[in-house]
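Engineer: I'd like to ask you about the structure that follows.
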Amino acid sequence: MSSSILTKNNDKFFIEDVDVKSIIKKFPTPSYVYSKQKIIENFKNLEAAFKGVDHLICFAVKANSNLAILNILAKNGAGFDIVSGGELKRVVAAKGDVEKIVFSGVGKTSEEIKLAIEKNILAFNVESEDELSRIQEIANSLNKKASISIRVNPNVDAKTHPYISTGLKENKFGVSEESAFDLYKKAKLLDSIEIEGIDCHIGSQITDLKPFEDSIKKLIKLVDRLEEEGINIRHIDIGGGIGIRYDDEKTIDFNEYAKIISSQIKERKIKILLEPGRVITADAGVILTKVEYVKKTKDKNFAVIDAAMNDLMRPSLYGSFHKILNISNTTEGKNKFDIVGPICETGDFIGKDRLMSIEPDNILVIMDTGAYAMSMSSNYNSRPKLFELMIDKDKIYIIREKESFDDLIKGEKILPES
Ligand code: LLP
């Protein structure tokens with residue numbers, strides 16, 4: 001896993017076979033740039049770990065929902081984990097297989113449920129009793145059956161940032177094992193509900209196998225109890241959450257991960273579903289940005305760049321670390337810099353106290369921004385969303401145009417004169 005998409009050859013930097021300078025010449029910074037080969041490699045590596053085991057990898061669309069990326073994954077056999085009607089429509093627009101979709105999320109609206117039933121998705125990951133009743137009602141009114149899994153909250157500590165931990169009993173997600181047991185018994189009696197699987201997702205950026213092992217064990221226990229009640233579970237969805245190396249974190253070995261999960265399934269006839277997002281696309285993307293100003297004060301040095309917290313919220317939101325490389329030649333010695341954007345907030349930083357050599361007009365590369373970067377971006381400070389570019393060997397494709405001012409004010413109206 002995880003060799004960087006940025007390579008150096010004779011003092012030039014490349015993404016696949018494209019010189020980064022040539023990208024900037026055609027597409028002014030800032031931009032998101034992805035490597036198609038890296039996305040495929042990540043997906044295939046995870047696939048390979050589950051070789052010989054009945055499984056389906058459902059890419060978590062929220063990590064990166066660009067149509068080109070969804071389409072690449074669909075062509076390689078991926079299913080999708082969605083959390084909204086918008087994401088469902090994206091999968092359809094990207095020519096993904098709707099019958100390989102699982103629908104997670106605590107707040108599915110009636111419209112979203114209706115759309116998903118009409119499209120015949122693989123399963124709803126049901127997060128509450130009220131949601132189960134709502135799905136039953138809607139399926140019934142459509143004269144159709146809806147397939148469901150119950151999302152179990154196994155109360156295991158994923159040991160990750162509290163904002164992205166989801167499997168503790170105080171989190172809003174899923175239901176306890178006991179409630180899940182009761183809900184399955186209830187679901188069995190509902191004529192428009194088809195019991196398909198069992199589900200959990202304990203958090204994101206997990207770098208330790210233990211929480212996964214603890215969760216699968218709890219899920220299997222429940223599967224066996226349900227079996228005794230005559231309730232057959234066809235798949236176990238273990239969720240997403242595999243972390244990557246942003247800095248020097250240890251990472252999860254795909255083969256060990258697959259072994260831990262499949263060894264719990266044993267001879268049971270159960271398919272394994274996964275919902276990875278980050279580990280498929282994060283290290284396949286970078287942000288290219290230019291240094292506008294270097295501002296040195298008595299206490300601090302700032303490199304003011306043309307990208308900002310609206311393009312990459314992770315550092316301001318979670319204090320996340322992303323490597324930042326300077327790919328321009330510099331003559332200055334190294335200094336400690338805060339790498340900041342132009343937004344009028346102190347929280348608008350991408351990196352803090354980085355020992356680097358930086359001069360105005362230098363090109364910086366913000367690493368590992370292929371997941372939860374563009375998909376979490378905003379127009380704050382009326383900043384247009386950036387180009388998204390896909391490198392495929394020696395070619396550059398625009399997979400999302402940069403927003404224009406007209407895009408920015410689309411739908412807004414001034415009040416008529418009164
Ligand atoms: N399945 C469900 C139900 C999820 O809620 C998530 C992520 C995933 C799968 C995919 O998890 P992954 O494999 O990507 O860890 N914005 C945060 C991450 C939030 C993750 C939310 N749920 C960040 O930038 O770190």
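Engineer: I'd like the full set of residues that are closer than 18 Å to residue 125 by Cβ and away from the ligand (no atom under 16 Å from the Cβ), limited to segment 62-84.
Structural biologist: The answer is none; no residue qualifies.
Engineer: Specify the residue that is farthest from the ligand (Cβ to nearest atom); the eligible residues are those in segment 384-405 that are surrounded by fewer than 21 Cβ atoms within 10 Å (Cβ to Cβ) and among the hydrophobic types (A, V, I, L, M, F, W, C).
Structural biologist: Checked segment 384-405; the qualifying residue farthest from the ligand (Cβ to nearest atom) is 405.
Engineer: Let me ask something else. Run down 310, 326 and say which single residue is more than 16 Å from the ligand (Cβ to nearest atom) and either closer than 26 Å to residue 7 by Cα or surrounded by 19 or more Cβ atoms within 10 Å (Cβ to Cβ) (or both).
Structural biologist: Numbers: 310 fails: more than 16 Å from the ligand (Cβ to nearest atom).
Criteria check complete, one pass: 326.
Engineer: Same structure again: Considering only residues that are closer than 11 Å to residue 216 by Cα and polar (S, T, N, Q), look in segment 241-266 and name the one that is surrounded by the fewest Cβ atoms within 10 Å (Cβ to Cβ).
Structural biologist: Among them, the one singled out is 263.
Engineer: A further question on this structure: Being open to solvent by 30 Å² or more (accessible area, probe 1.4 Å) and in contact (Cβ under 8 Å) with a residue 24 or more places away in the chain is the filter here, so list the residues in segment 330-351 that pass it.
Structural biologist: Initially, segment 330-351 is screened for residues open to solvent by 30 Å² or more (accessible area, probe 1.4 Å), giving 330-336, 342, 344-346, 349.
Matches in segment 330-351: 330, 331, 332, 333, 335, 336, 342, 344, 345, 349.
Engineer: Under 27 Å from the mean Cα position of the chain (by Cα), of a type in the set (Gly, Ala, Ser) and crowded, with 20+ Cβ neighbours inside 10 Å: is that true of residue 371 in this structure? Can you show your working first?
Structural biologist: Numbers: under 27 Å from the mean Cα position of the chain (by Cα): yes; of a type in the set (Gly, Ala, Ser): yes; crowded, with 20+ Cβ neighbours inside 10 Å: yes.
When the stated conditions are applied, residue 371 passes them.
This table checks each residue for (1) more than 19 Å from residue 275 (Cα to Cα); (2) charged (D, E, K, R); (3) surrounded by fewer than 17 Cβ atoms within 10 Å (Cβ to Cβ).
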| site | (1), (2), (3) |
| --- | --- |
| 109 | yes, no, yes |
| 135 | yes, no, no |
| 152 | no, no, no |
| 157 | no, yes, yes |
| 174 | no, no, no |
| 190 | yes, no, no |
| 205 | no, no, no |
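Engineer: Tally the residues that are of a type outside the set (Gly, Ala, Ser) and buried (at least 21 other Cβ atoms within 10 Å of the Cβ), restricting the search to segment 113-130.
Structural biologist: Initial filter on segment 113-130 (of a type outside the set (Gly, Ala, Ser)): 113-115, 117-122, 124-127, 129-130.
Then drop every residue that is not buried (at least 21 other Cβ atoms within 10 Å of the Cβ), which leaves 113, 117, 121-122, 124-127.
Selection size over segment 113-130: 8.
Engineer: A further question on this structure: Just a yes or no: is a residue in segment 210-221 among the polar types (S, T, N, Q), in contact with a Gly (Cβ under 8 Å, 6 or more places away or on another chain) and either within 16 Å of the ligand (Cβ to nearest atom) or modelled with pLDDT of 95 or more (or both)? Walk me through how you get there before you give the answer.
Structural biologist: Of all residues in segment 210-221, those among the polar types (S, T, N, Q) come to 215.
With the extra rule that they be in contact with a Gly (Cβ under 8 Å, 6 or more places away or on another chain), the set shrinks to 215.
Still in the running and either within 16 Å of the ligand (Cβ to nearest atom) or modelled with pLDDT of 95 or more (or both): 215.
So far as segment 210-221 goes, yes, one or more of its residues are among the polar types (S, T, N, Q), in contact with a Gly (Cβ under 8 Å, 6 or more places away or on another chain) and either within 16 Å of the ligand (Cβ to nearest atom) or modelled with pLDDT of 95 or more (or both).
The values are calculated or read from the model by the stated rules, or taken from the named source; none is laboratory data. Being a predicted model, the structure only gives us computed values, none of them experimental. Ideal geometry is used to build each Cβ from the backbone, glycine not excepted, and the neighbour counts take in all protein chains shown. Just the protein is used for accessible areas: all its heavy atoms, side chains included, with ligands, DNA and RNA removed. Shrake-Rupley method; radii C 1.70, N 1.55, O 1.52, S 1.80 Å.
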